[in-house]
Amino acid sequence: DARFDRMDELPAPPDTYALIINTPGRVWFAGRRHLAAFSKNSESWSGSSPLEIDDYATVGDSVVVASNGHVFSYAPGAAAWAEIREADEIPRVNGLFTGGDELLLATSQGLLVYNRQENSRKTWNHNNGLTTDTIARVYAAQRFTYVVSAGAIQLLDRQKDAWQHEDLIPPAAKKEKLVYIDDAGAHLALVKSTDIRLAGRASYSDSRTFS
């Protein structure tokens with residue numbers, strides 16, 4: 001894009017940047033000491049106090065981030081980032097997702113689902129379907145909502161309003177097979193550095209023809 005040809009000549013604050021967030025009107029650069037934004041229309045830089053971003057979501061030019069357990073949002077035309085608060089304190093936020101009218105927060109006390117159009121909040125925890133309250137990440141699709149926690153993936157079927165639980169079990173170590181079977185029958189596979197001693201009884205068939 002020709003609009004980015006002169007980025008190195010513009011006064012971007014020097015920093016160690018580790019994350020890029022792209023929106024239709026801006027590109028955000030998250031660093032250790034700065035949170036810089038490049039306006040695509042005016043080709044100018046602006047900045048704000050740094051945020052340690054654990055997770056983020058965008059809706060148009062609006063950005064919502066999870067930072068050190070809190071939630072901050074930036075709306076187009078705002079002078080600064082604002083922390084999202086409510087009367088009931090929001091538990092520590094580990095991840096988030098936004099889609100349509102919903103904002104979903106993965107927290108240390110379950111999954112919080114905010115509906116902006118209905119101005120409602122619903123909490124999912126171990127009392128109504130989740131197996132654990134500590135949720136690390138969340139993602140929502142048209143039918144299913146997915147959450148991950150330590151050792152498990154849980155799915156909410158939005159049509160049935162019911163949760164499914166899947167344990168994450170590491171695969172067992174692969175072991176050498178001593179015997180394998182194919183169309184020709186059973187075969188003994190000799191494995192290196194393996195001492196195999198066979199003990200047992202052998203039988204055979206002897207047939208003779210007399211003339």
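Key figures
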item: Label-point separation, Arg158 to Leu19 (7 Å along Cα→Cβ), nm; result: 2.4
item: Cα centroid separation - the range 66-132 against the range 31-58, whole Å; result: 21
item: Prolate/oblate/rounded call for the range 15-82, Cα gyration tensor, a/c under 1.5 rounded; result: oblate
item: Cα-Cα P(r), the range 44-104, percent of pairs per 10 Å interval; result: 20, 56, 22, 2
item: Length gained when the stretch Arg116-Thr134 is fully extended (0.36 nm per residue, less Cα-Cα span); result: 4.1 nm
item: Computed accessible area, Lys160, all protein chains, 1.4 angstrom probe, square angstrom; result: 150
item: Hydrodynamic radius (Kirkwood) for the range 78-174, which is based on Cα pairs only, to one decimal in Å; result: 14.4
item: Ellipsoid semi-axes in whole angstrom, largest first, where each is sqrt(5λ) of the Cα gyration tensor of the range 1-133; result: 32, 15, 12
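The values are calculated or read from the model by the stated rules, or taken from the named source; none is laboratory data. Every value quoted in this text rests on a predicted model; they were computed, and no experiment measured them. For neighbour counting, all protein chains shown are included, and Cβ atoms are generated from backbone atoms with ideal geometry for every residue, glycine included. What goes into the accessible areas is simple: the full protein's heavy atoms, side chains included, and nothing from ligands, DNA or RNA. Shrake-Rupley method; radii C 1.70, N 1.55, O 1.52, S 1.80 Å.
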